Amino acid sequence: GENVEQHPSTLSVQEGDSAVIKCTYSDSASNYFPWYKQELGKGPQLIIDIRSNVGEKKDQRIAVTLNKTAKHFSLHITETQPEDSAVYFCAASGNDMRFGAGTRLTVKP
Amino acid sequence: DAGITQSPRHKVTETGTPVTLRCHQTENHRYMYWYRQDPGHGLRLIHYSYGVKDTDKGEVSDGYSVSRSKTEDFLLTLESATSSQTSVYFCAISADMPGSGNTIYFGEGSWLTVV
């Protein structure tokens with residue numbers, strides 16, 4: 001089955017800086033890669049996703065890149081704000097969906 | 001927000017007692033899932049359903065059973081709760097199987113403590 005590794009587990013940045021979270025996957029059949037944001041006491045919320053026929057996708061301050069050859073994908077958040085502080089999960093979906101262990105992002109004012 | 005309601009949201013129970021968590025959706029989605037979330041493990045699939053009375057095991061199904069008698073309801077039962085089942089449980093839904101690129105939407109979670 002699919003195995004997804006996510007790094008780093010914690011990330012602290014200053015407000016206005018960029019944040020990058022990286023994930024690798026093992027199943028070459030995976031074709032859908034969503035990212036979720038989870039705030040304290042809440043369920044994960046989808047923030048952006050990318051399909052395997054696309055190399056990059058951007059939505060305002062958030063972007064995701066996918067390298068199918070290397071089997072890794074990344075989340076980029078620019079101009080970070082304190083409200084970006086949360087736990088972020090990547091996932092890879094082929095025959096099933098597997099999640100990374102999560103990255104706790106802290107944005108310091 | 002996806003129309004997913006979990007109940008109860010918080011529960012404390014004793015070791016050895018049965019516990020049932022309920023998930024109700026208003027989206028008429030075919031797939032429903034139960035995940036557990038533990039520090040360092042992310043989200044792990046317990047069981048899922050692909051239709052009424054159609055269920056299958058996930059990666060951490062031991063000690064859990066599920067039932068789906070209606071499209072909108074998916075129940076997770078811990079037959080005899082153990083301390084290792086203390087966790088946050090999330091119900092999720094998707095229109096179709098994740099392998100087809102269908103987005104999974106999560107509920108708000110149920111915090112279960114087994115003492």
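Looking at B:Thr77, B:Thr26, B:Thr55, B:Thr5, which is the one that is touching a residue at least 24 places away in the same chain (Cβ under 8 Å) and over 24 Å from A:Lys37 (Cβ atoms)? Going through B:Thr77, B:Thr26, B:Thr55, B:Thr5 in turn, just one is touching a residue at least 24 places away in the same chain (Cβ under 8 Å) and over 24 Å from A:Lys37 (Cβ atoms): B:Thr77. I'd like the full set of residues that are closer than 17 Å to A:Lys37 by Cα and more than 8 Å from chain B (Cβ to nearest Cβ), limited to segment A:93-109. Correct list: A:Arg98, A:Thr103, A:Arg104, A:Leu105, A:Thr106, A:Val107. When segment B:59-102 is filtered for residues that are among the polar types (S, T, N, Q), under 19 Å from A:Gln45 (Cα atoms) and surrounded by fewer than 20 Cβ atoms within 10 Å (Cβ to Cβ), only B:Asn102 remains. Provide a single number: the residues in segment B:84-111 that are more than 9 Å from every other protein chain (Cβ to nearest Cβ) and in contact with a Ser or Thr (Cβ under 6 Å, 6 or more places away or on another chain). Residues flagged as more than 9 Å from every other protein chain (Cβ to nearest Cβ) and in contact with a Ser or Thr (Cβ under 6 Å, 6 or more places away or on another chain) within segment B:84-111 amount to 2. The set of residues from segment A:23-68 being touching a Lys or Arg at 6+ places or on another chain (Cβ under 9 Å) and facing chain B (nearest Cβ under 8 Å) comprises A:Asn31, A:Tyr32, A:Pro44, A:Gln45, A:Leu46, A:Asp49, A:Arg51.
Where strands (runs of 3 or more DSSP E) sit wholly within segment B:4-67, those with at least 2 residues that are hydroxyl-bearing (Ser, Thr, Tyr) occupy B:4-7, B:31-38, B:42-51. Any residue at all in segment B:79-93 that is closer than 11 Å to B:Tyr31 by Cα and over 11 Å from the mean Cα position of the chain (by Cα)? No, every residue in segment B:79-93 fails to be closer than 11 Å to B:Tyr31 by Cα and over 11 Å from the mean Cα position of the chain (by Cα).
Quick note: the coordinates plus some simple rules give every number you see, no bench work behind them. Just so it is clear, the model here is predicted, and its values are computed rather than measured. Reconstructed Cβ throughout: ideal geometry from the backbone, glycine too, with neighbour counts over all protein chains shown.
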